[in-house]
Amino acid sequence: MEKLFQKGIIYGFLSGLGFGILFVKYKTVTHPTADVIVTDYLPISEYIISILQYGVIGSILGVLCCIFLKTKRGKANTDHKPRTYYIEVFFIVLVVSILVGLSRSL
């Protein structure tokens, strides 16, 4: 059971980092006049912290998904073979991370 939580944390963190890289805006482009374009870049420390926030959110979601799947499907597994939930956890974290990323980018 501990191994399940560790894998949920790791996979959630990695998928959260991936979505953080996709959704964090690192620059803003403004057009003060018709001929001038101004580009402001986010400092690297703020960019890394923003990406790590997505990673932490993903790891928390991964653990919550593992707890949910363990309590929901742990009773249905009557044979004594260990059941892995890699695919289910991955897709739940994927969908929730996309939703969080889209809500933060709006």
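Quick rundown of the values:
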quantity: Selection count, segment 20-48, where residues are under 24 Å from VAL100 (Cα atoms), open to solvent by 100 Å² or more (accessible area, probe 1.4 Å) and modelled with pLDDT of 90 or more; calculated: 2
quantity: Residue ID - least open to solvent (accessible area, probe 1.4 Å), chosen from residues in segment 1-13 that are touching a Ser or Thr at 6+ places or on another chain (Cβ under 9 Å), more than 14 Å from GLN53 (Cβ to Cβ) and among the hydrophobic types (A, V, I, L, M, F, W, C); calculated: LEU4
quantity: Selection count, segment 23-50, where residues are assigned to a helix (DSSP H, G or I) and in contact (Cβ under 8 Å) with a residue 24 or more places away in the chain; calculated: 2
quantity: Qualifying position, being on the phi < 0 side of the Ramachandran plot, modelled with pLDDT under 80, in contact with a helix residue (DSSP H, G or I) (Cβ under 7 Å, 6 or more places away or on another chain) and surrounded by 14 or more Cβ atoms within 10 Å (Cβ to Cβ), among LEU61, LEU69; calculated: LEU69
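The values are calculated or read from the model by the stated rules, or taken from the named source; none is laboratory data. Computed from a predicted model, the values in this text were never measured in an experiment. Glycine gets a Cβ as well: all are built from the backbone with ideal geometry, and neighbour counts include every protein chain shown. Note: areas computed on protein heavy atoms with side chains; ligands, DNA, RNA excluded. Shrake-Rupley method; radii C 1.70, N 1.55, O 1.52, S 1.80 Å.
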